[in-house]
Amino acid sequence: MRAEALAAGFAAMGVCRPDAIPDAAPRLRAFLDAGRHGQMGWMADRAAWRGNPAALWPEARSVIMLAETYTPDDDPLGAVTRRDRATISVYARGRDYHDLVKKRLKRVGRWLLDRCEGAEIKVFVDTAPVMEKPLGQAAGIGWQGKHTNLLSRDLGNWFFLGAIFTTVDLEPDAAEGEHCGSCTACLDICPTDAFPAPFQLDATRCISYLTIEHRGPVDPALRKGLGNRIYGCDDCLAVCPWNKFAKAATETRYAARDGLVSPPLEDLAGLDDAAFRDRFSGSPIKRIGRDRFVRNVCYAIGNSGEKRLETAVSGLLTDPDAAVADAAAWALEQLA
């Protein structure tokens, strides 16, 4: 099966039991009780399943975790210095990974079903109450670093995770240990101080949360920290020294689309709903909608220091969306 997974395009595979992450539930509960999930109410709604994979599908006997690389060709940290241009998270500059990873998971799953009569599978890619990162560590793919993301000695930080739950009783792999040592690069680089402590994340301060999940105006105290990041943030991933072992992406559709590597901010501020949908068709960016996206662009313009961009946001002062209008007013104040 490992050979089939690699042939399908995955870079790594590991197996664990559904009950292999007993610490997940109490850690999730502490995260939720502290309010660090912000507006992501769905995390609390299905916390029982999320914290206990065995409860999600009691018939499952094994969890097959798979990693697929999307390593960028450029340095994401270089993009944040171009203040008159937008920075978009590497994973969102190409085709939506949900569709591509799920197809590969189904291919591997079909291979297993063809060889195990009566077996059943369920495949998950970041859309179900599955804690992929602790499961990935339990399956030996990597470990959750101080930035709470999964990283690997063989792959660095740049990979997606998918899961196949199955009724087949497979031999589990050894769990991976932690190899961060004394390094704090990911903690130190965070522009909004989103890590209260090593191995802990406060999502309400995380730029990825603020630009993707958060509805309405962003806390003014955090807006300067957004810089020119309009969708997600890669700083804590990009600075990790384990990336020297990162493997190149084999899926060409993860490569950045034309116009999504440091696009000019003024080109994005004027998007209406139809233009937004057309520009980001097939992209994960589309799911946040035009209003939240343009709100983020306004914050980036306010942080640009470029007075010539005043004209790009002045027309948004009367935008029907209150958060966009508020962001435009803030941007003009910063540029005054």
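Just so it is clear, none of the values below were taken in a lab; they were calculated from the coordinates. Since we're looking at a predicted model, the values are computed, not measured. A quick note on method: Cβ atoms are made from the backbone with ideal geometry, for glycine too, and the neighbour counts reach across all protein chains shown.
Side notes on the structure shown:
- Of the residues Ile141, Ala175, Cys233, the one whose Cα sits farthest toward the positive end of the charge dipole of the stretch 2-263, with +1 on the Cβ of Lys and Arg and -1 on the Cβ of Asp and Glu, is Cys233.
- Net length gained if the chain between Asp75 and Lys247 were fully extended (0.36 nm per residue, minus Cα distance): 60.5 nm
- Of the residues Gly51, Leu105, Tyr70, the one whose Cα sits farthest toward the positive end of the charge dipole of the chain, with +1 on the Cβ of Lys and Arg and -1 on the Cβ of Asp and Glu, is Leu105.
- Axis angle, to the nearest 10 degrees, between helix 97-115 and the longest C-alpha principal axis of the chain: 10 degrees.
- Computed E for Ala25/Asp114 - FRET, C-beta separation, R0 35 angstrom, nearest 0.05: 0.50
- Local net charge near Glu266, Cβ-Cβ under 12 Å (Lys/Arg +1, Asp/Glu -1): -2
- Residues with amide H under 5 Å from that of Asp319, placed H, sequence gap 5 or more: Ala325
- Each of Arg46 and Asp193 was given a label point 7 Å from its Cα along the Cα-to-Cβ line. The distance between the two points is 3.5 nm.
- Rounded to the nearest 20, the Cβ-based charge dipole of the chain about its Cα centre (Lys and Arg +1, Asp and Glu -1) stands at 280 debye.
- Degrees separating the helix 322-335 axis from the principal Cα axis of the chain, which is the longest one: 60 degrees
- Tilt relative to the chain, helix 289-302 - C-alpha long axis, 0 to 90 degrees, to 10: 60 degrees
- Amide H partners (placed H, <5 Å) of Arg229, local residues excluded: Thr87
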